[in-house]
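Have a look at the structure below, then the notes.
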Amino acid sequence: MVLCGSAGCGKSTFAARWFMDTQIVSSDRCRALVSDEEENIAASPQAFKLFHCLIEQRLELGQLTVADSTALTPRARKDLLRQARSSDTLCSCKERDGANGGKKNSG
């Protein structure tokens with residue numbers, strides 16, 4: 001499952017409520033792992049390498065994987081969905097819109 005949306009819209013809260021911690025691959029957490037700071041945007045290239053690597057490894061093992069990332073661009077969402085589909089995995093993209101509390105399904 002891909003959770004995407006603007007910062008602060010509730011992606012991580014939703015993920016924490018409905019999924020085990022080990023099932024969630026968070027771009028913020030990956031940024032913290034490589035730089036000790038979730039907010040360190042300069043570490044994003046390395047963080048997203050780790051993010052995609054962790055997703056790939058979990059999917060290869062057939063594990064439920066929740067990708068928690070802003071993924072604001074269509075390309076970012078498309079890349080995540082392509083990664084899931086390449087492993088013959090059922091995938092879904094849930095966009096969170098914190099401004100109005102709404103949810104959109106993108107595939």
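The values are calculated or read from the model by the stated rules, or taken from the named source; none is laboratory data. Predicted, not measured: the structure shown is a model, and the values here were computed from it. Remember, those area values only see protein heavy atoms, side chains included, never the ligands or the DNA or RNA. Shrake-Rupley method; radii C 1.70, N 1.55, O 1.52, S 1.80 Å.
Details
- Surface composition of region 1-44: carbon plus sulfur atoms contribute 51% of the solvent-accessible area (1.4 Å probe, protein chains only, all chains present).
- The mean accessible area for residues of region 1-44, using a 1.4 Å probe and ignoring ligands and nucleic acids, is 60 Å² per residue.
- Length gained when the stretch Asp79-Ile41 is fully extended (0.36 nm per residue, less Cα-Cα span): 11.7 nm
- In Å, descending, principal axis extents of the Cα set of region 1-94: 33, 26, 24
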